[in-house]
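Remarks on the structure that follows.
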Amino acid sequence: FVVFGLFSFTHAIAQTLKVGLSAEPTAMDPHYHNFNPNNQITGHIFEPLVSTAPDFTFRPSLAESWRMVNDTTWEFKLRKNVKFHDGSPFTSNAVVFSYCRVSMIPNSPSPLTTYTKAIKEISTPDANTVVIKTKNPYPLLPNDLSVIGIVSDSLIGGEKVTYVESGCKITAQAPSTADFNTGKAAIGTGAFKFAEFVKGDHILLKRNDAYWGDKPQWEGVRFVSIASNGPRVAALLSGDVDFIENPPIKDMLRIKADPSFRVVSDISTRMIYIALDQRTDATPPDVKGTNGKNPFRDERVRKALSMAIDRETIASRVMDNFSKPAEQLLAKNFFGADPALKAIAYNPDAAKKLLADAGYPNGFEVTLATPNDRYVNDAEVAQVVAQMWSKIGIKTNVNAMAASVFFPKRTKNEFGVWLAGWAPQSGEMSSPLRAVVATPNKDKGWGTANQAGYSDAMLDSLIDQALATVNETKRRDLLRKASQRTMEKMGVIPIHYEVSPWAMKKDLDYKPRADQFTYAFDIMQSKKQ
């Protein structure tokens, strides 16, 4: 690792916030991997043009304002007199360079290109104006741009960059992800500066005293990676850290009972679901007793599996009410979700009848794959689902593994049935629709999380129409129809929405974020002591 600057964390221990993370980022590069642990850490260093509040309302960040000039043209007015951490000026050229770089990242495990696919060209009338033309009417552009952090164009010597749909051309050597991990290229405009990244251990950031906005209370922040639940809670209770994310449910009462600590929580955008391999007619991996057929291509089977899940029991007993039963891919309080939809009723008898109607009166056997350290009680939820499915004749084994093992295997299509989650950073329904159930399409950036290969032409058409509809009321209605269609066909099986908790010392406070991010600049000294 590389340490930059003369800042010393040992000289200001009282001013250094210590945070226990439940998952470690894979890189300090804001464009490398669309992964919550990455996005929340890089969000301290790099800022987007548009930012999101904890409730997913959008607000100015590096863009002071934006407007739709016509159906396919957007104008962003940039904040003036903003400096990057190296002292170089923030200008429109840095914005173009950052958006170009998104498509230039090699070997991204989950690329951010889905957020730039709509862009046709970008012009910069002056240093403080960016004009973006989209291929088609695209009202969600500000939402999408809230995900992309801006990096300094000093990394390419200030070279003038031109963005075109066919691909950007930059003669200078663009920085690699490794350059961001060492700190060499970690130059943003954010409230904190990069200080140190020791993979597998910790991340150190120091306050940006030249920050254009409200400066953080903390002189520095030390993020410590503690993936195991027990040690993370122990670190808080012992004082090794001041604040932790995702305290385990089983320890929640213990933490709340101690007057030295507090817990805050709220519903998140994260939906936990089960996906079923529907790519071909052939029997999926780890599925037995179907006479060579793929049972998941039959929507009656998918509905039966959904009806066999008692979501209320999972929410109350497995999640201790730190989840809400899911009726669609996003909770009803977010844009585009259908307020009229209800979670599919638990009805094992009806599920058995559907299985018999589909030609499986005696059921069959499956293995449900799941991470055991990525989502709240993920392996426990999978075990309970397995028991519920077994009651309707679907003998279900559970294969639980570390997320670092699970996700590469899922990408290689090694599972027939698996538990996963999706949390839209745009805070609205088109995100899970495009990623989880839309027909995979690289040109559109669709289906990035649809390893199951689910495909429905009518659903795709509704998503297309919604993304091109400027009128907000009409767009909401189209998204609701798409949500209805997804649940009617049961493209995936939603289980619940996570209620996200954070635990901290009693003299701290934090407003829960629907995106589940832990932002040190929003952790405050409490007024409720």
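The values are calculated or read from the model by the stated rules, or taken from the named source; none is laboratory data. It should be emphasised that the depicted structure is a prediction, and the values quoted were computed from it without experimental measurement. With ideal geometry, Cβ positions are generated from the backbone for all residues, glycine too; neighbour counts draw on all protein chains shown. To get the accessible areas, we keep the full protein, side chains included, count just its heavy atoms, and leave off ligands, DNA and RNA. Shrake-Rupley method; radii C 1.70, N 1.55, O 1.52, S 1.80 Å.
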Query raised in the report: In segment 27-51, what residues are assigned to a strand (DSSP E or B) and open to solvent by 20 Å² or more (accessible area, probe 1.4 Å)?
Result: Ser51
Query - segment 52-72, residues that are more than 23 Å from Arg207 (Cα to Cα) and open to solvent by 20 Å² or more (accessible area, probe 1.4 Å) - result: Asp55, Thr57, Phe58, Ser65, Trp66, Arg67, Met68, Val69, Asn70, Asp71, Thr72
Report task. Determine, yes or no, whether Glu312 is closer than 27 Å to Lys489 by Cβ, touching a helix residue (DSSP H, G or I) at 6+ places or on another chain (Cβ under 8 Å) and open to solvent by 10 Å² or more (accessible area, probe 1.4 Å). Result -> no
Report summary line: Checked against (1) small (Gly, Ala, Ser); (2) open to solvent by 40 Å² or more (accessible area, probe 1.4 Å); (3) touching a strand residue (DSSP E or B) at 6+ places or on another chain (Cβ under 9 Å), Ala369 satisfies every condition except (2)
Report summary line: Within segment 402-431, residues among the small types (Gly, Ala, Ser) and either in a helix (DSSP H, G or I) or within 24 Å of Gln328 (Cα to Cα) (or both) come out as Ala403, Ser404, Gly416, Ala420, Gly421, Ala423, Ser426, Gly427, Ser430, Ser431
Report summary line: Within segment 254-300, residues being in contact with a strand residue (DSSP E or B) (Cβ under 6 Å, 6 or more places away or on another chain), part of a loop (DSSP other than H, G, I, E, B) and under 30 Å from Ala53 (Cβ atoms) number 0
Query raised in the report: Does Gly445 satisfy the criteria of being among the small types (Gly, Ala, Ser) and within 27 Å of Pro54 (Cβ to Cβ)?
Result: yes
Query raised in the report: Among all residue pairs at least 6 apart or on different chains, which show Cβ distances below 8 Å where the first residue, located in segment 345-365, is part of a helix (DSSP H, G or I) and the second is β-branched (Val, Ile, Thr)?
Result: Pro348/Ile392; Ala351/Ile392; Lys352/Ile392; Leu354/Val301; Leu355/Val301; Leu355/Ile392; Leu355/Ile394
**Report entry** Residues being open to solvent by less than 40 Å² (accessible area, probe 1.4 Å) and in a loop (DSSP other than H, G, I, E, B) - total across segment 167-181
**Finding:** 6
Report summary line: Scanning segment 456-496 for residues that are in contact (Cβ under 8 Å) with a residue 24 or more places away in the chain and part of a loop (DSSP other than H, G, I, E, B), the one nearest to the chain's Cα centre (by Cα) turns out to be Val492
Report summary line: Going through segment 419-449 in order, the residues found to be closer than 28 Å to Gly289 by Cβ and touching a helix residue (DSSP H, G or I) at 6+ places or on another chain (Cβ under 6 Å) are Leu419, Val437
Report summary line: With the first residue restricted to segment 433-449 and required to be on the phi > 0 side of the Ramachandran plot, and the second required to be in a strand (DSSP E or B), Cβ contacts under 9 Å at 6 or more apart or on different chains are Gly447/Asn441
Query raised in the report: Is it fair to say Gly190 is touching a residue at least 12 places away in the same chain (Cβ under 8 Å) and farther than 21 Å from Thr116 by Cα?
Result: yes
**Report entry** Tally, over segment 398-414, of residues that are open to solvent by 60 Å² or more (accessible area, probe 1.4 Å) and either touching a helix residue (DSSP H, G or I) at 6+ places or on another chain (Cβ under 8 Å) or of a type in the set (A, V, I, L, M, F, W, C) (or both)
**Finding:** 1
